[in-house]
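Report on the following structure.
The values are calculated or read from the model by the stated rules, or taken from the named source; none is laboratory data. Note that the structure is a prediction, hence the values are computed from the model and not measured. Glycine also receives a Cβ, built like all others from the backbone with ideal geometry; neighbour counts cover every protein chain displayed.
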Amino acid sequence: MVKHSRWLIQDADQSEQILERMQTHFLPDLICHEQDTLTFYDDFEWRLWRKDFLLASNIRGQIILTEGNDSQTFDNEVSPSFARSFRNQNLSDRLWQVSDIRRLLPMAEVETSVREYALRNFEDEKKVCKLVITRSGYADMWELTSMRGYDKDYREALSCILEAEPENPERHLYRLSLELLDIKPGKYKSKPKTKVPPEMASADACSKMVRKMWKNVRINEDGIIQDLDTEFLHQYRVALRRMRALFAQMKNYIGPEQSLWFKDALGDLARETNRLRDLDVYLEDRDYYFGLVPEKLQPGLEELFQHFTRERNREQKRVAAYLQNTPYLNKVSAIEETLKSCPSEPGEKGHLPIAEVAAQRIRKRYKQIAKDAALIHDQTPDDDVHEIRLDCKKLRYLLEFFGPVLDKERVRPVMQALKKLQDNLGRFNDYSVQRESLEHYLENHKTSEEIQKAVHALSGVLFMKQQKEREQVCGQLEDFLADDVRQLIKQLTQPTSMAQSSKGSPA
């Protein structure tokens with residue numbers, strides 16, 4: 001059985017003393033000694049770091065991936081850009097599970113020195129252990145590995161190390177080295193939570209929330225301009241959409257006139273990016289669409305996606321220029337100035353505690369869904385189903401915005417139940433929108449016969465998928481309006497729940 005151990009030696013001189021001590025027991029044969037500069041990468045949201053991964057590259061085309069205390073080296077690799085860009089499938093898959101479509105960006109460099117020794121015995125100079133010493137600015141990491149059949153020699157070598165009373169590292173040397181450089185994740189979150197006391201006036205609480213959301217709008221602009229990855233645009237739009245939703249649902253508390261102004265101003269910003277986002281979604285789902293049509297029609301689909309790619313490149317340049325032009329910057333300045341005075345004229349109920357208002361709004365929205373759902377049946381027009389979808393989206397926003405003000409633990413099961421319904425309604429809507437978008441493209445572009453055949457075939461498949469989702473709507477609504485979910489809503493919005501939240505909130 002192969003044995004392995006890892007230790008940290010803080011003092012470089014002490015490392016050399018241990019090596020000298022080992023020379024009385026073994027013949028240390030230096031196999032290689034390499035100086036290296038490791039460049040560490042992560043995505044904009046630090047997803048790798050948060051999942052205890054580290055990704056590094058060096059000038060020799062190697063990629064080093066650490067997971068917890070374990071590390072693996074991949075040779076002959078490309079410089080990091082996206083998870084799917086790596087040659088090694090295992091490496092690509094592991095990174096894809098964490099970083100998905102986000103671009104990998106350089107975050108730090110660490111100078112290292114790696115010495116690998118074969119520890120040989122005196123009798124016949126057989127290799128009995130492998131010793132690797134990695135030196136960084138933080139410490140020396142000693143890794144000792146036994147050769148099969150030489151357990152006694154391994155224990156002897158290990159005793160030489162243990163005499164120095166080394167640290168047993170809880171984290172990998174590279175992570176400790178980065179922490180020494182004060183490298184740490186940013187605070188950015190795609191859906192930021194804002195701490196507000198339950199007793200805070202609802203108008204003031206909403207104002208505090210939207211100001212935090214606005215930061216996400218601005219922080220994503222540079223990534224869109226540089227076209228680093230498509231998620232920057234997506235999260236830019238999510239932030240705008242969440243702000244508009246809050247102003248729309250809380251207008252009577254923030255103030256109707258100012259809420260309408262914000263809703264229109266934010267809508268203007270989002271509208272300029274609609275087509276670019278549509279094209280991003282098509283191109284990200286390219287393989288999925290190809291899997292929906294027969295192979296003989298795929299050349300037409302390939303031609304269509306070539307058109308989409310060219311249009312996407314033009315549209316990205318247009319949006320990047322738009323985000324840097326004077327009219328856009330003037331709109332941004334106007335929004336930021338108005339945010340400073342928000343709420344300028346709170347509604348009559350704007351003084352009410354946010355917890356009380358949140359509970360009332362959530363109850364009302366759930367009752368509205370129940371009322372509309374009672375009219376839904378298998379023959380209900382699609383437009384009415386879309387209205388239910390919008391009601392569910394409004395409820396989700398309310399739960400996301402105000403759930404923490406009420407009771408986070410009670411929000412979670414409600415969100416889980418709502419997600420099942422929303423997934424069904426979302427797919428139903430997506431298939432409808434995709435069909436309309438494809439038909440609109442044919443109507444407004446001169447296309448080949450191959451493209452037209454492929455689009456009609458794809459549209460037919462999407463229609464069948466839409467109908468399949470439509471068949472599940474009544475059952476999903478019934479589940480969401482069942483007694484257990486009603487009880488969860490009641491518990492979440494009852495006064496005792498708000499009182500418990502108040503006890504745990506910051507003063």
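Of all residues being in a helix (DSSP H, G or I) and touching a residue at least 12 places away in the same chain (Cβ under 8 Å) in segment 291-301, which is farthest from Ala457 (Cα to Cα)? Just the residue, please.
So the first thing to find is which residues in segment 291-301 are in a helix (DSSP H, G or I), and the list is 295-301.
Subset that is touching a residue at least 12 places away in the same chain (Cβ under 8 Å): 297-301.
On the way: Leu297: 8, Gln298: 10, Pro299: 13, Gly300: 11, Leu301: 10 Å.
For segment 291-301, the residue satisfying everything is Pro299.
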Restricting attention to segment 89-126, the residues that are basic (Lys, Arg) and not in a strand (DSSP E or B) number exactly 4
Under 6 Å between Cβ atoms, which residue pairs at least 6 apart in sequence (or on different chains) link something in segment 190-216 that is over 17 Å from Leu399 (Cα atoms) and outside the structural domain of Trp46 (by TED's automatic domain parsing) with a partner that is surrounded by 14 or more Cβ atoms within 10 Å (Cβ to Cβ) and acidic (Asp, Glu)? none
For residues that are within 15 Å of Tyr282 (Cβ to Cβ) and of a type in the set (D, E, K, R), tally how many sit in segment 294-335. 7
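For segment 32-78, which positions are in a loop (DSSP other than H, G, I, E, B), polar (S, T, N, Q) and surrounded by 13 or more Cβ atoms within 10 Å (Cβ to Cβ)? Don't jump to the end; show me each part of the working.
Here is the first cut: in segment 32-78, the ones in a loop (DSSP other than H, G, I, E, B) are 43-46, 51-52, 58-62, 68-69, 75-78.
The next check asks that each one be polar (S, T, N, Q); those that pass are 58, 62, 69, 76.
Passing the criteria: Asn58, Gln62, Asn69.
On the given criteria, is Leu8 more than 23 Å from the chain's Cα centre (by Cα) and crowded, with 16+ Cβ neighbours inside 10 Å?
Details: more than 23 Å from the chain's Cα centre (by Cα): yes; crowded, with 16+ Cβ neighbours inside 10 Å: yes.
So Leu8 passes the test.
When you go through Ser177, Ser113 one by one, which is the residue that is surrounded by 19 or more Cβ atoms within 10 Å (Cβ to Cβ) and polar (S, T, N, Q)?
None of the others qualify; the one that does is Ser177.
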Note: among Ala245, Ala265, Ala270, Ala239, just one is buried (at least 16 other Cβ atoms within 10 Å of the Cβ), touching a residue at least 24 places away in the same chain (Cβ under 8 Å), in contact with a Leu (Cβ under 8 Å, 6 or more places away or on another chain) and within 30 Å of Lys193 (Cα to Cα), namely Ala270
Which pairs do you get when a residue that is in contact (Cβ under 8 Å) with a residue 60 or more places away in the chain and closer than 14 Å to Asn220 by Cα, found in segment 309-324, comes within reach of a residue that is among the charged types (D, E, K, R) and part of a helix (DSSP H, G or I), reach meaning Cβ atoms under 7 angstrom, with the pair 6+ apart or on two chains? Leu323/Glu221
It is to be established whether one or more residues within segment 370-382 are under 16 Å from Gln472 (Cα atoms), assigned to a helix (DSSP H, G or I) and modelled with pLDDT under 90. yes
Quick check: anything in segment 336-355 closer than 30 Å to Val281 by Cα and outside any helix (DSSP H, G or I)? no
